[in-house]
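Right, one structure below, let's go through it.
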Amino acid sequence: TEPRFLADYRPADFTINTVNLSIELADTSTKVINELELVKQGDHQQALVLNGEHLTLISLVLNDQPLHAELYQLNDTLLTIPASSLPEGDSFTLIITTEINPLENTALEGLFKSGDAFCTQCEAEGFRRISYYLDRPDVMATFTTKVTADKTLYPFLLSNGNKIDSGDLPGNQHFVTWYDPFPKPCYLFALVAGNFDLLEDKFTTMSGREVALEIFVDKGNLAKAEHAMVSLQKSMAWDEQTFGLEYDLDIYMIVAVDFFNMGAMENKGLNVFNSKFVLADSQCATDSDYFNIEAVIAHEYFHNWTGNRVTCRDWFQLSLKEGLTVFRDQQFSGDMHSSAVTRIQNVRVLRSLQFAEDAGPMAHPIRPEKVLEMNNFYTLTVYEKGAEVIRMLHTLIGVENFRKGMDFYFARFDGMAVTCDDFINAMSDASGKDLTQFKLWYSQYGTPVIKVAQAFDAATGIYTLTLSQQSPVTKKQENPQALHIPIKIELINKDFDTNASVNTSNLNQTKLLELTQDTQTWSFSGFSQQPTLAMLADFSAPVKLDFSQDETALLTVMKNAENSFCRWDAGQKLLMSYIQHLTFDADYVISPALIDAINSMLMGGEDRAFIAEQISLPSFDEAAGLMIDIEPLALFDAISTLSLFIAQGAQQQLLATYQACQQVGEEDCVANRALKNVCLSYLSRLPEYQYLVAEQYQQAANNNDITQENMTDTLAALTCSAKVNLPDLSEQLQHFENKWHDTTLVMDKWFAIGASIVSDDIFTQLNDLLKHPQFTLKNPNRARSIISAFAMNNPKYFHCKTGKGYQFLAQQIAKMNEINPQVASRLVTPLIQYKSFATAHQQLMKAELITLHALPNLSNDLKEKLDAALI
Ligand code: HT7
Ligand code: ZN
């Protein structure tokens, strides 16, 4: 296969007005009859070229006449009907009959089986595995879909839109016909057939229409769908209130399935979800599961407007719908919970994972320009950095203009397939702001570095700030231009010692600076002494800072910044500076001032979820993102040493906080658990407090009063046991397995804990896990529960100097390449980012990449990444 380029985009030669599908479901031979009404676009003699993969063609009928084999060409990916075989005139019908084998479809793209149910995944290019089609998002048609299947095995037959017909057929078969009035690209097509429990509710829209809400789950799981239902209702109300956007069909369906490559899919009127993002009760789901379910339900719901009503012209524009929809779901989560904590958690993901991607071999702009396998571009860059770009726009033009821009966007483009430029132009027209330079965020890649210099003239009271920006200069990007970057700052007029407050009449000054040149200087007057700078309030831009602030300045920001993000970030910088020192010098002496700072955070008046974030150390990946030539084992040891230092120094306050958080009732229980469990993770490093871990496990997982059982606390205790390899661990894991062996999603957690045990025995344990009767690479959640959990959560052994960790990952990827290329390709990320590590590790990682590159059936997905990494 050849790569495709954004620059080569051309409108389609033919469009499709209507699609009439009839799908007769059977495990190994499903029959698909696809009747298309095609329209030639303009006067040309081009062939009709349809995409199709893994299909058996049975027949073609063109304008009611059979089309014989000599009149068309067929290969593994295309069906070509030359102009000479097409009828005269601009419109014609084509009936394509094919057969497919859902049972052997382990790639989980197109039509496949998830357990006993049939389901589909068509984004990005999966519809071509169901029938021959113009599989591109700018070809939009109205679909009528008749689904036929065995009535006992598949009582529910679902597709997009409204049900228009149903009935029984001979041989215990039945059918249902669906009609979706909204023209859509085929990537939004969906079909589900199975035997489910159904949770029903409704929502009355702002204009008074009643919408039926239906959530389909595996039999026995009805009670676990309540949270998803409430989340859906909240999302619908929020989109009406925030953006005036109302749902448009009479029914909204969600189906939860166990076999799914990603989180969920926004098919029109029929979302298909990974069951992990639907099912929850307090016994089996953690607080973060609850949070994520709400966020993913919202994300898919918000796509109904940003993605479905207005879609992408081509896949290079993916961030048009994904960046915008992530921004919308982040705003929603912030409104539903603490906006400060939500923002911190989003920034942690961005800085640990997206920054690494943007510095690695697969780095690309949020609007990529060259793609071999589209599935490789569902990335943190397109999604999370894409959302940051929308957020910057929101910051630059303000909330009201942003809303006006959204209104313009829908007024102009409803029912169309458009580009990122179209979106920015709507925002520019709404606000009157020139966004020409801002558009560079869509075409340049890499994380810009902002250098900060400051000066203060005591005589005039003028404070001067100079900022310079630099995007990475590489062969792919020889001459990056200055970007338009909103930089929110706060100038603090107090020392960290509150008694020494100066100039009380002059409160902190908050400013929004627009950095548009390589270097720019701003002056601020009216200071009696040099203010302390808090940079990047709310993390106003996805950039790295080249700015060293001393301990006193950081403590001042931690204490006195009005912006909560800045208060948190200053603390993280302080912690990070110790991690950096300890990585280079294991004997580095940490300042006792850190313990005072931790104690005052623990005793401070902040909300407990915020304190939990404040005292949590930067993760291995967050720290790695700020370093070069990383010695991973030294970094791991540095984080452990710092953690132990804090545990020892602040033990009394950690214990007091742990106990205080245990006392509280239902109110703020999520925040209390968050803080309590960070305290426990410190205390578990000290032998004298390890009994707390065992006690917490007992309380939360093995309680006589089942209503007291709680998965957040259970998993927190197990994580401590695994990280410190406590003696109780194996008994706890055994108990957990006995208790949960029938609950798939909870067993995923069990496998993940098993893969993250910090023990010299880990490779034996990993092999035992792979041999466990419930382990299968065919279920992506289960595969990730061992493979990703090990590579992402067990840095000490993943990076062990024998190279065994890298080898383990590569061996699993090689197996996965044969089963599910999309999942295999995602697993390879930690290996392709080898260049940030010290040479010895680079060589070991590279050796594994070379082995993978030589695999006999290397998929396009993996090939694209390995080629980029091995250049
Ligand atoms: N738009 C969807 C992206 C997607 C996907 C989802 C599930 C399985 C495979 C997939 N490929 C692409 C999900 C979303 O962003 O909402
Ligand atoms: Zn999305």
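The values are calculated or read from the model by the stated rules, or taken from the named source; none is laboratory data. Here the structure is a predicted model, which is why all the values come from computation and not from measurement. No Cβ is skipped: glycine too gets one built from the backbone with ideal geometry, and neighbour counts run over all protein chains shown.
Can you find, within segment 270-313, the residue that is farthest from the chain's Cα centre (by Cα) among those that are among the acidic types (Asp, Glu) and away from ligand 2 (no atom under 16 Å from the Cβ)?
Initial filter on segment 270-313 (among the acidic types (Asp, Glu)): 281, 287, 289, 294, 300.
Retained after the next criterion (residues that are away from ligand 2 (no atom under 16 Å from the Cβ)): 281, 287, 289.
On the way: ASP281: 23, ASP287: 18, ASP289: 14 Å.
Within segment 270-313, the match that is farthest from the chain's Cα centre (by Cα) is ASP281.
For a quick check of your reading of the model, give me the residue pairs whose first member lies in segment 337-348 and is closer than 12 Å to ASP607 by Cα, whose second is small (Gly, Ala, Ser) and crowded, with 20+ Cβ neighbours inside 10 Å, with beta-carbon atoms closer than 6 Å and at least 6 apart or on different chains.
Note: pairs meeting the criteria are SER338/ALA609; ALA340/SER564; VAL341/ALA609.
Quick check on this structure: which one of ASP629, ASP742, ASP728 is in contact (Cβ under 8 Å) with a residue 24 or more places away in the chain and farther than 30 Å from ALA838 by Cβ?
Numbers: ASP629 fails: farther than 30 Å from ALA838 by Cβ; ASP742 fails: in contact (Cβ under 8 Å) with a residue 24 or more places away in the chain.
Answer to the selection: ASP728.
It is to be established whether one or more residues within segment 346-357 are among the β-branched types (Val, Ile, Thr), at pLDDT 95 or above and within 11 Å of ligand 1 (Cβ to nearest atom).
First, the residues of segment 346-357 that are among the β-branched types (Val, Ile, Thr): 347, 349.
Then keep just the ones that are at pLDDT 95 or above; that gives 347, 349.
Checking which are within 11 Å of ligand 1 (Cβ to nearest atom) leaves us with none.
There is no residue in segment 346-357 that is among the β-branched types (Val, Ile, Thr), at pLDDT 95 or above and within 11 Å of ligand 1 (Cβ to nearest atom).
Condition first: surrounded by fewer than 18 Cβ atoms within 10 Å (Cβ to Cβ) and touching a Ser or Thr at 6+ places or on another chain (Cβ under 8 Å). Can you find one or more residues in segment 118-132 that meet it?
Restricting attention to segment 118-132, the residues satisfying the condition of being surrounded by fewer than 18 Cβ atoms within 10 Å (Cβ to Cβ) are none.
The answer is no; no qualifying residue exists.
Identify the single condition in (1) of a type in the set (Ser, Thr, Tyr); (2) in a helix (DSSP H, G or I); (3) farther than 23 Å from TYR378 by Cα that THR802 does not satisfy, given that it satisfies every other one.
(2)
Name the single residue that is nearest to LEU675 (Cα to Cα) among those in segment 685-744 being in contact with a Ser or Thr (Cβ under 9 Å, 6 or more places away or on another chain) and of a type in the set (Val, Ile, Thr).
THR712
Determine which member of the set THR521, THR552, THR532 is surrounded by 15 or more Cβ atoms within 10 Å (Cβ to Cβ), among the hydroxyl-bearing types (Ser, Thr, Tyr) and either within 25 Å of ASP457 (Cα to Cα) or touching a helix residue (DSSP H, G or I) at 6+ places or on another chain (Cβ under 8 Å) (or both). It would help to see each step written out before you state the result.
Details: THR521 fails: surrounded by 15 or more Cβ atoms within 10 Å (Cβ to Cβ); THR552 fails: surrounded by 15 or more Cβ atoms within 10 Å (Cβ to Cβ).
When all the criteria are applied, what remains is THR532.
Among the residues of segment 109-148, write down those that are away from ligand 2 (no atom under 16 Å from the Cβ), of a type outside the set (D, E, K, R) and out of contact with any Gly (no Cβ under 9 Å at 6 or more places or on another chain).
Of everything in segment 109-148, those that are away from ligand 2 (no atom under 16 Å from the Cβ), of a type outside the set (D, E, K, R) and out of contact with any Gly (no Cβ under 9 Å at 6 or more places or on another chain) turn out to be PHE112, LEU134, VAL139, ALA141, VAL147, THR148.
When the residues of segment 298-318 are filtered to those that are within 11 Å of ligand 1 (Cβ to nearest atom) and assigned to a helix (DSSP H, G or I), which remaining residue is farthest from PHE273 (Cα to Cα)?
Per the criteria, the residue is TRP315.
Where in segment 1-104 are the strands (runs of 3 or more DSSP E), entirely inside, with at least 2 residues that are touching a Gly at 6+ places or on another chain (Cβ under 9 Å) and in the same structural domain as PRO185 (by TED's automatic domain parsing)?
Working: elements: 14-24, 30-40, 48-51, 56-62, 78-81, 91-100.
Output list reads 78-81, 91-100.
Considering LEU353, LEU324, which residue is within 16 Å of ligand 2 (Cβ to nearest atom), touching a helix residue (DSSP H, G or I) at 6+ places or on another chain (Cβ under 8 Å) and either over 24 Å from LYS488 (Cα atoms) or of a type in the set (A, V, I, L, M) (or both)? Spell out the reasoning first.
Details: LEU353 fails: within 16 Å of ligand 2 (Cβ to nearest atom).
Matching residue, one of LEU353, LEU324: LEU324.
Among residues belonging to segment 241-282 that are within 16 Å of ligand 1 (Cβ to nearest atom) and of a type in the set (Val, Ile, Thr), point out the one that is farthest from ALA124 (Cα to Cα).
Ranking the qualifying residues of segment 241-282, first place goes to VAL278.
Let me spell it out: the conditions are (1) within 11 Å of ligand 2 (Cβ to nearest atom); (2) surrounded by 21 or more Cβ atoms within 10 Å (Cβ to Cβ); (3) under 14 Å from the mean Cα position of the chain (by Cα), and VAL347 meets all of them except one. Which number is the exception?
So VAL347 meets the others, but not (1).
Suppose we filter ALA237, ALA285, ALA225 for residues that are away from ligand 1 (no atom under 16 Å from the Cβ), more than 30 Å from ASN677 (Cα to Cα) and not β-branched (Val, Ile, Thr); which single one remains?
Numbers: ALA285 fails: more than 30 Å from ASN677 (Cα to Cα); ALA225 fails: more than 30 Å from ASN677 (Cα to Cα).
Of the residues listed, the single one that is away from ligand 1 (no atom under 16 Å from the Cβ), more than 30 Å from ASN677 (Cα to Cα) and not β-branched (Val, Ile, Thr) is ALA237.
Among the residues in segment 696-712, are any under 30 Å from GLN833 (Cα atoms) and either of a type in the set (A, V, I, L, M) or assigned to a helix (DSSP H, G or I) (or both)? Steps first, answer last, please.
Of all residues in segment 696-712, those under 30 Å from GLN833 (Cα atoms) come to none.
No, that holds for no residue.
If you go through segment 244-269 one residue at a time, how many are more than 14 Å from ligand 2 (Cβ to nearest atom) and either without any contact (Cβ under 8 Å) to a residue 60 or more places away in the chain or in a strand (DSSP E or B) (or both)?
9
Inspect all residues belonging to segment 280-290 and state whether any of them is aliphatic (A, V, I, L, M), in contact with a Phe, Trp or Tyr (Cβ under 6 Å, 6 or more places away or on another chain) and under 30 Å from VAL746 (Cα atoms).
Taking segment 280-290 as the starting set, the residues that turn out to be aliphatic (A, V, I, L, M) are 280, 285.
Then drop every residue that is not in contact with a Phe, Trp or Tyr (Cβ under 6 Å, 6 or more places away or on another chain), which leaves 280.
Checking which are under 30 Å from VAL746 (Cα atoms) leaves us with 280.
Yes, that holds for at least one residue.
Output the number of residues of segment 267-287 satisfying the condition of being buried (at least 22 other Cβ atoms within 10 Å of the Cβ) and of a type in the set (Val, Ile, Thr).
Number satisfying all stated conditions: 2.
Are there any pairs, at least 6 apart or on different chains, whose C-beta atoms fall under 6 Å, with the first in segment 378-389 and within 14 Å of GLN317 (Cβ to Cβ) and not assigned by TED's automatic domain parsing to the domain that holds HIS299 and the second within 14 Å of ligand 1 (Cβ to nearest atom) and acidic (Asp, Glu), and if so, which?
Short answer, once both residue conditions are applied: VAL382/GLU322; TYR383/GLU322; GLY386/GLU322.
Just one of GLN354, GLN345 is within 22 Å of HIS299 (Cα to Cα), part of a helix (DSSP H, G or I), in contact with a Lys or Arg (Cβ under 9 Å, 6 or more places away or on another chain) and among the polar types (S, T, N, Q); which is it? Outline the logic, then answer.
Values: GLN345 fails: in contact with a Lys or Arg (Cβ under 9 Å, 6 or more places away or on another chain).
It is GLN354.
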